[in-house]
1. Here are some residues: Gly313, Gly287. Which one is open to solvent by 10 Å² or more (accessible area, probe 1.4 Å), without any contact (Cβ under 8 Å) to a residue 60 or more places away in the chain and either closer than 22 Å to Asp113 by Cα or more than 19 Å from the chain's Cα centre (by Cα) (or both)?
2. Check segment 53-62 and report whether any residue there is at pLDDT below 70 and outside any loop (DSSP other than H, G, I, E, B).
3. Residues to consider are Ser148, Ser84; find the one that is of a type in the set (Gly, Ala, Ser) and open to solvent by 70 Å² or more (accessible area, probe 1.4 Å).
4. Check Leu165, Leu189 and return the single one that is surrounded by fewer than 21 Cβ atoms within 10 Å (Cβ to Cβ), more than 30 Å from Arg134 (Cα to Cα) and of a type in the set (A, V, I, L, M, F, W, C).
5. For the condition under 30 Å from Gly271 (Cβ atoms) and buried (at least 17 other Cβ atoms within 10 Å of the Cβ), what is the one hit in Val116, Val128?
6. Looking at segment 252-263, can you tell me whether even one residue there is part of a loop (DSSP other than H, G, I, E, B) and open to solvent by less than 10 Å² (accessible area, probe 1.4 Å)?
7. Given (1) surrounded by fewer than 17 Cβ atoms within 10 Å (Cβ to Cβ); (2) on the phi > 0 side of the Ramachandran plot, where does Gln280 come up short, assuming only one miss?
8. Considering every residue within segment 79-99, establish whether at least one is of a type in the set (Ser, Thr, Tyr), part of a loop (DSSP other than H, G, I, E, B) and in contact (Cβ under 8 Å) with a residue 40 or more places away in the chain.
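The values are calculated or read from the model by the stated rules, or taken from the named source; none is laboratory data. Predicted model only: the values in this text are computed from it and were never measured. Neighbour counts are summed over all protein chains in view; Cβ atoms, including those assigned to glycine, are modelled from backbone coordinates with ideal geometry. Side chains are part of the model used for accessible areas, which takes the heavy atoms of the whole protein and leaves out ligands, DNA and RNA. Shrake-Rupley method; radii C 1.70, N 1.55, O 1.52, S 1.80 Å.
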Amino acid sequence: MPEPTPLTSRRGLLFGAAAVSAGVLVTGCTSNEPSDAEPTASDRPAADDKPGKPVTIGFAGPQADHGWLNAINDNAKKRAETYSDVTMEITEGSNDTAQQIGQIETLINKKVDVLVVLPADGKALTQVGLKAMRAGIPVVNLDRVFNSPQAYRCWIGGDNYGMGLNAGHYIGEKLKDTPNARVIELAGLDNLELTKQRTQGFDDALKNYPNIKKVARQAADFTVESGQAKMAQLLQAQSKFDALWNHDDDQGVGALRAIEQAGRDDFLMVGGAGALSAFQAIKADNGVLKATVLYPPSMAASAIDLARALGQGKGVGGLAEFEIPTSLTCYSAVVDKENVDQYMSTGFK
C-alpha cells in the first residue's frame, strides 16, 4: 500500500466526511498568541503533529487475511510512525477471540496508555474492553463495535448502511431516465450484520427511483473465488440487467473475471470498500466498473490520532469541545472517474 502523505504543521485532526473517507485529516489551527477575548472551549490544546507527552498505544488488530484488514494494520502502523511521541505495542493479528483476548490482557498488564482494538468479534471481546477501561486505560474501539459503550471511550468505524445508500443513489441517478431499469446485488456474507445493513441502505435508496427494480440478490463470501462463482450464477440467471452493486472490491476481482468470461458489458457496476485495483479499473474506464463506495481503512490511522489525543489529554482540532467525541462514523464517499485521482493513494492491495 502506498506510504501515507506525511503530516505538515497545519495537518492533524478534523473529521470532515470527505477528509476521513480520503484518509486525510486536517487540523484546525490553534494559536498561542495572546488575545483580549475571554478564553473559550476552542482554546483547549488540539492534537497536531507537534511532539507532546509520550504516549504508548497498544494496538490489537485483525489477522490480515483480506485486503481491507491488511490495510487496517498498515494504516495504523504507518500513522504511528509519523509521531515521534508515539510508541506502538502491536499484537500479532488474530481472528481467534480467545487468542485476541489474551493479547489484549497482555497489553493491559504492560500498562499501555491507550488501547486501539479492532475485535475479531465485538460481542465476545466486550469483557476485555471493560477490563481495560476499569484499569484506567481508555479504549478506542475500531469498527466492529463492543456490546457495551462502557467498554470503550471512543468508537470510530465505517458506515455500512451509508455504503448501500450511496451506492443506490449513484446507480439511481445513472438509471433514473431508463424505463423499467433492472439492478442486481452481489452481497457479502449474509450472517454478518454489516451485510444486512449494506443491503438495507441500498434498498432504501432505490425506493427513490420508481422506475428501478432489484431483480436478483446473491450472497458471496468476501473472497475472489466466491465473487467469481456467485457472479457467474447471477449472469446465467439474469440475461438482462442495467446495473450491479457488489459489496466488496476483493470479491469484485472475481466478479469481474466472471463478467469478462461471459463477455458481458451491457451494464454498469459499482463496487465497495476502495481497493487499488478498483480505482485503477475505474480510471482506465474500459470495463463495466464505473465506481466504488468507500469503507475507508484510513479509519485505523484516525484511531491512532484519537488514541494519541486521549493519551495527551487533548481535543480534536476544528471542534470546540474539550474532549474527543464518543463516536465517529466515516463517510462512504462514491469514487468514480471524476474524483478517482484524489483517492488513488488510499487504495489498498
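1. Gly287
2. Checked against the condition, which is being at pLDDT below 70 and outside any loop (DSSP other than H, G, I, E, B), segment 53-62 yields no hits at all.
3. Ser84
4. Unique residue meeting the criteria: Leu189.
5. Only one candidate passes the filter, namely Val116.
6. So the first thing to find is which residues in segment 252-263 are part of a loop (DSSP other than H, G, I, E, B), and the list is 263.
Still in the list and also open to solvent by less than 10 Å² (accessible area, probe 1.4 Å): none.
No, segment 252-263 has no match at all.
7. Only one criterion in (1) surrounded by fewer than 17 Cβ atoms within 10 Å (Cβ to Cβ); (2) on the phi > 0 side of the Ramachandran plot is unmet by Gln280, namely (2).
8. Yes, the conditions are met somewhere in segment 79-99.
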